[in-house]
Amino acid sequence: MKVQMDWEAFPDERGYFGRFGGRFVAETLMPAVIRLEEEAREALADPDFMDAYRGMLRNWVGRPTPLSHAPRLSEAWGAEVWLKREDLAHTGAHKINNALGQALLARRMGAKSVVAETGAGQHGVATAAACARVGIPCRVYMGAVDVERQAPNVRRMELLGAEVVPVTHGDATLRAAIDEALRHWVTDPQSTFYCLGSVVGPHPYPWLVREFQKVLGQEAREQIQELAGGLPDVVVACVGGGSNAMGLFHPFLDTDVEILGIEPGGRGMGLGDHAATVARGTPGILHGALTLLLQDPHGQVVETHSVSAGLDYSGVGPEHAFLAEVGRAIYETVTDEEAMDALAELCRLEGILPAVESAHAFAGARRYARSNPGARIVIGCSGRGDKDLPILQAWEAR
Amino acid sequence: MNSPARALSHAIRHPKVPGRPALMPYLMAGLHGLDGFAERLLEVSDVADAIELGVPFSDPTADGPVIQAAARRALEQGVTLSWILQTLRGLPRAPGCPIVLMSYANPLHAYGYERLLAEAEACHIAGFILPDIPWEESGEFRDLARDHGLAVISLVTPVTPPERLRMLTADPEGGFAYAVTVTGITGGSMDARQVNGYLDRVRGVSRVPVCAGFGIRTAEHVRNLTGHADGAIVGSALIEAVDSGLSEKEFLRDLREKYLPQPPQSTNSVR
Ligand SMILES: Cc1ncc(COP(=O)(O)O)c(C=O)c1O
């Protein structure tokens with residue numbers, strides 16, 4: 001049953017995970033991505049750089065985050081439920097692990113400014129905070145729809161010194177924000193550092209972001225063994241671009257642990273009603289990578305819907321497309337409704353308000369628990385839901 | 001010898017108005033409606049030296065606001081790659097200049113590279129401009145194109161390192177080299193004084209003619225390229241002109257004729 005592979009062999013030198021990945025960027029960006037890859041490889045192999053990064057993860061981000069046993073949820077589901085608490089990380093989500101790593105890399109490379117995109121605003125807040133901490137100005141592109149539904153995060157980014165630029169064209173969500181960040185980067189590839197927020201984009205980003213997010217799964221693997229005396233049956237995470245999921249999954253790939261990614265099923269399975277890219281997508285090229293996409297038969301990328309801004313994206317990280325294709329991970333969907341129910345349940349039973357994104361993982365885990373009674377489940381609680389008050393209000397009023 | 005790629009190089013080296021940069025307008029396919037597009041294209045082909053025909057895409061990350069809006073409009077009218085190829089195949093006569101298809105990767109990927117390249121010559125397509133398929137990713141497409149004598153145009157930019165520039169412009173079957181004049185997206189305005197040195201550098205190594213593109217808006221821009229580039233590609237400014245009521249043909253004539261009466265500037269003073 002278990003798929004055996006040397007998982008560290010991916011990506012290959014050309015940035016491919018099997019047939020997915022690569023580097024589909026404008027020629028203007030080629031020198032920049034080649035240099036980024038070289039500098040990143042050097043930095044990640046440099047003990048001084050990694051010590052500085054780990055030191056800041058500990059003393060500034062607050063790592064390791066706890067792996068919390070969830071007793072009342074366990075009872076309600078008839079399972080043994082553990083939560084990897086990225087909601088307790090500085091700025092409120094896993095995004096900071098990557099943003100801090102890239103900000104340190106930007107400083108090491110002598111970048112004059114940082115540009116980023118954001119969906120839910122969590123990557124934007126994390127980048128703003130990390131850039132403030134390392135002392136580089138930053139600009140964040142954010143879809144106008146998301147500016148509205150994640151308003152608290154816009155204010156936070158501004159307080160942290162970032163310039164937030166709303167993107168009104170295209171789908172006015174994460175895809176349009178990435179389009180615009182790429183356009184910005186291409187005008188100044190030599191002194192601007194593009195701090196990409198998920199395991200998407202051209203090589204080396206899917207690899208680089210995974211390396212910075214792996215801390216999540218490494219900690220969880222140690223913690224579960226210490227606290228529960230063994231590995232879990234399954235690890236579950238929500239998948240937008242897929243960074244919290246890849247961070248949690250990757251250190252478990254070489255075990256027998258089942259791996260379950262949860263995608264947003266939105267309001268139904270019609271094209272445009274969801275953002276279930278692995279479950280429903282087809283191979284295509286967007287934002288620098290060959291991956292799975294939600295697209296029409298003519299290769300036009302379609303708009304998506306999800307109640308969560310951070311999962312509302314028509315592409316997905318190429319490594320997820322690969323894990324799905326080789327059968328090492330399973331990807332399922334939950335609807336807006338199921339996610340919002342799970343969010344309420346976690347509030348009620350565990351006293352934790354998760355991000356709407358993370359709530360998808362809970363809904364998916366609950367379904368798994370039903371068909372696997374007694375299972376030991378580790379859920380990635382990728383972020384906290386303080387930012388989601390506008391979405392929760394709109395949901396109640398619908 | 002007479003491959004479409006070679007014919008494309010020839011058309012650029014021997015423009016309709018000798019001694020001046022070849023003119024290559026960028027047309028977004030079907031922008032002004034599906035009906036009448038074929039006639040429009042043919043009309044432009046009689047004035048232009050080559051046509052860059054744009055396939056609209058939902059996420060044109062190399063383009064500024066004007067071409068983004070054009071892509072959106074074309075998509076709203078229902079333009080697809082299949083429709084474009086069908087229209088080209090059914091042209092009532094051969095166009096008066098070679099056509100180069102400009103497309104982001106995904107519409108081509110969805111159509112299928114093999115099928116596209118097998119059909120291209122019958123569609124009067126001499127080559128392809130692929131703004132998000134860099135050299136490293138273009139192997140499969142390039143091999144198929146070569147089998148059909150079609151050009152895969154290399155883009156080079158002001159930040160392309162010298163060895164890479166040499167590699168990108170070494171293939172004599174490459175049609176032409178597309179020298180991007182600005183570090184950025186389409187729709188800006190180029191600074192002639194800044195680009196001529198760069199264009200000379202590209203021309204110094206390239207085994208195919210060099211066409212400058214991005215930010216070329218006026219007859220003066222085109223005039224300044226004389227002696228530094230073999231051709232000028234005009235996109236956003238053309239779309240804007242057509243939106244303000246000119247025809248493509250009129251705008252292209254203006255680009256040529258407005259500079260014709262003026263004496264060419266000495267290349268030294270431009271540098
Ligand atoms: C809390 C939280 N979880 C998950 C995501 C989705 O991103 P990814 O799939 O890269 O983890 C986001 C994105 O904004 C987020 O804020």
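The values are calculated or read from the model by the stated rules, or taken from the named source; none is laboratory data. None of these values were measured; they are calculated from a predicted model. All Cβ positions, glycine included, derive from the backbone under ideal geometry; neighbour counts span all protein chains shown. What goes into the accessible areas is simple: the full protein's heavy atoms, side chains included, and nothing from ligands, DNA or RNA. Shrake-Rupley method; radii C 1.70, N 1.55, O 1.52, S 1.80 Å.
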Express the accessible area of chain A per residue in Å², computed with a 1.4 Å probe while the remaining protein chains stay in the model.
33 Å²
DSSP-defined beta bridges in the protein assembly as shown - what % are antiparallel, rounded to 5
20 percent
Could you do me a favour and compute the accessible area per residue for the range B:4-257, 1.4 Å probe, result in Å²?
34 Å²
Taking N as the number of residues in the range A:15-72, what is its alpha-carbon radius of gyration divided by 2.2 N^0.38 Å?
1.74
For the protein assembly as shown, report the convex hull volume of the alpha-carbon atoms normalised per residue, in Å³, without decimals.
153 Å³
Tell me, what are the semi-axes, in whole angstrom and largest first, of the equivalent ellipsoid of the range A:1-120 as set by the roots of 5 times the Cα gyration tensor eigenvalues?
32, 22, 15
Any idea what Rg and Dmax come out to for chain A if you just take the C-alpha atoms, in Å?
19.1, 56
The range A:105-197: Rg/Rh from Cα coordinates, Kirkwood Rh?
0.95
Running a GNM on chain B with Cα contacts under 10 Å, which residue among B:248, B:114, B:140 ends up with the highest mean-square fluctuation?
B:140
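Summing both sides, how much accessible area is buried between B and A? Use a 1.4 Å probe and give Å² to the nearest 100.
Details: alone 11460 and 14640 Å², together 23430 Å².
Separately minus together, B and A give about 2700 Å² buried.
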Environment charge at residue A:215 (Cβ cut-off 15 Å; Lys +1, Arg +1, Asp -1, Glu -1):
+4
Assuming 0.692 mPa s and 37 °C, estimate D for the range A:245-392 with Stokes-Einstein, Rh taken as the Kirkwood radius over Cα pairs, in µm²/s.
208 µm²/s
By the gyration tensor of its Cα atoms, with a ≥ b ≥ c the square roots of the eigenvalues, what is the shape of the range B:113-271: rounded for a/c under 1.5, prolate for a/b over b/c, or oblate?
oblate
Efficiency of FRET between residue B:148 and residue A:254 - r from beta-carbon atoms, R0 51 angstrom, step 0.05:
0.65
Taking a crude spin-label model, label points 7 Å out from Cα along the C-beta direction, the residue B:77 to residue A:69 distance in nm is 6.7 nm
What size of dipole, in debye to the nearest 20, comes out for chain B about its Cα centre when the only charges are +1 on Lys and Arg C-beta atoms and -1 on Asp and Glu C-beta atoms?
860 debye
Roughly how many percent of the accessible protein surface of the range B:34-80 is carbon and sulfur, given a 1.4 Å probe and a whole-percent answer?
49 percent
Amide H partners (placed H, <5 Å) of residue A:258, local residues excluded:
A:234, A:235
Solvent-free Debye scattering, log10 I(q)/I(0), computed from the Cα coordinates of the range B:97-192 at q = 0.14, 0.20, 0.21, 0.22 Å⁻¹:
-0.54, -1.03, -1.12, -1.20
Counting every C-alpha pair in chain B, the percent lying more than 33 Å apart is 12 percent
Inter-label distance for residue B:247 and residue B:200, nm, one decimal - labels placed 7 Å from Cα along Cα-to-Cβ
4.0 nm
Under a GNM of chain A (C-alpha, springs under 10 Å), which listed residue has the highest mean-square fluctuation: A:258, A:357, A:13?
A:13
Among A:113, A:306, what's the order by accessible area (1.4 angstrom probe), most exposed first?
A:113, A:306
What list of ³J(HN,Hα) values in whole Hz, one per residue of the range B:239-254 in order, does the Karplus curve 6.51 cos²θ - 1.76 cosθ + 1.60 (θ = phi - 60°) give from phi, with Gly and Pro shown as x?
4, 5, 4, 5, 4, 8, x, 6, 8, 4, 4, 4, 4, 5, 4, 4
